[in-house]
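The values are calculated or read from the model by the stated rules, or taken from the named source; none is laboratory data. As the structure is a computational prediction, the values presented were derived from the model and not from experiment. In this analysis, Cβ positions are derived from the backbone assuming ideal geometry, glycine residues included, and neighbour counts consider all displayed protein chains.
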Amino acid sequence: MIGLSRKTGQVLSGWALFIELVEDALTTQLGSRQKRRDYGSRLPELLAKNSGDDLLMKAQIYATETFIHPPNNLSHLFTASRIVARRHTSGIRLQITGDYNGQAATFEVPIHAA
């Protein structure tokens, strides 16, 4: 798979492209894309709320939903085994562990308040 970085415009492939796709799916409000209303995540709706433990639990659930939701097209590339949400200065940070194309992988995704 080959794609472009939404931040730099550079050509991406492999792991770098996957991380870009995950960040895009997790940070796009579900229903906000004009012709792809089913694309995205419910995570952005949590950012304006107080970051109690219940919010962190919801963030983990919403992130898991994002990976298995078919319109996001991530489930064929990655199987999440653990998602941990932590408070961060400008939102939350997700640490995601799982299986990427048959190999164990761990990465972090920041979800920032606007």
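Flag: ARG86 does not match the condition of being among the basic types (Lys, Arg), closer than 29 Å to ILE2 by Cβ and surrounded by fewer than 18 Cβ atoms within 10 Å (Cβ to Cβ).
GLY91 - would you say it is over 27 Å from LYS35 (Cα atoms), over 12 Å from the mean Cα position of the chain (by Cα) and at pLDDT 90 or above?
Judged against the criteria, GLY91 is not a match.
Against the definition (assigned to a strand (DSSP E or B) and over 11 Å from the mean Cα position of the chain (by Cα)), how does ASP54 come out, yes or no?
Against the criterion (assigned to a strand (DSSP E or B) and over 11 Å from the mean Cα position of the chain (by Cα)), ASP54 does not qualify.
Conditions tested, residue by residue: (1) of a type in the set (Asp, Glu); (2) touching a residue at least 12 places away in the same chain (Cβ under 8 Å); (3) within 16 Å of ILE96 (Cβ to Cβ); (4) surrounded by fewer than 19 Cβ atoms within 10 Å (Cβ to Cβ).
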| residue | (1), (2), (3), (4) |
| --- | --- |
| LEU26 | no, yes, yes, no |
| ARG37 | no, no, no, yes |
| ILE61 | no, no, yes, yes |
| GLU65 | yes, yes, yes, yes |
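Conditions: (1) surrounded by fewer than 19 Cβ atoms within 10 Å (Cβ to Cβ); (2) under 26 Å from LEU4 (Cβ atoms); (3) out of contact with any Lys or Arg (no Cβ under 6 Å at 6 or more places or on another chain); (4) without any contact (Cβ under 8 Å) to a residue 60 or more places away in the chain. SER41 meets all but one. Number of the miss? All conditions are met except number (1).
Inspection of the range 100-112 finds a residue satisfying the criterion of being free of Cβ contacts under 8 Å to residues at least 60 places away in the same chain, closer than 16 Å to LEU21 by Cβ and surrounded by fewer than 14 Cβ atoms within 10 Å (Cβ to Cβ). The set of residues from the range 70-87 being farther than 22 Å from SER13 by Cα and either in contact (Cβ under 8 Å) with a residue 24 or more places away in the chain or touching a Cys at 6+ places or on another chain (Cβ under 9 Å) (or both) comprises VAL84, ALA85, ARG86, ARG87. Here the range 57-69 is the region considered, the condition is being of a type outside the set (D, E, K, R) and in contact with a helix residue (DSSP H, G or I) (Cβ under 9 Å, 6 or more places away or on another chain), and the residue that is farthest from GLY14 (Cα to Cα) is ALA59. Just one of LEU26, LEU21, LEU74, LEU12 is under 20 Å from THR106 (Cβ atoms) and part of a strand (DSSP E or B); which is it? That would be LEU12, the only listed residue that is under 20 Å from THR106 (Cβ atoms) and part of a strand (DSSP E or B).
For PHE78, the criteria (1) within 13 Å of the chain's Cα centre (by Cα); (2) surrounded by fewer than 14 Cβ atoms within 10 Å (Cβ to Cβ) hold in every case but one, which is (2).
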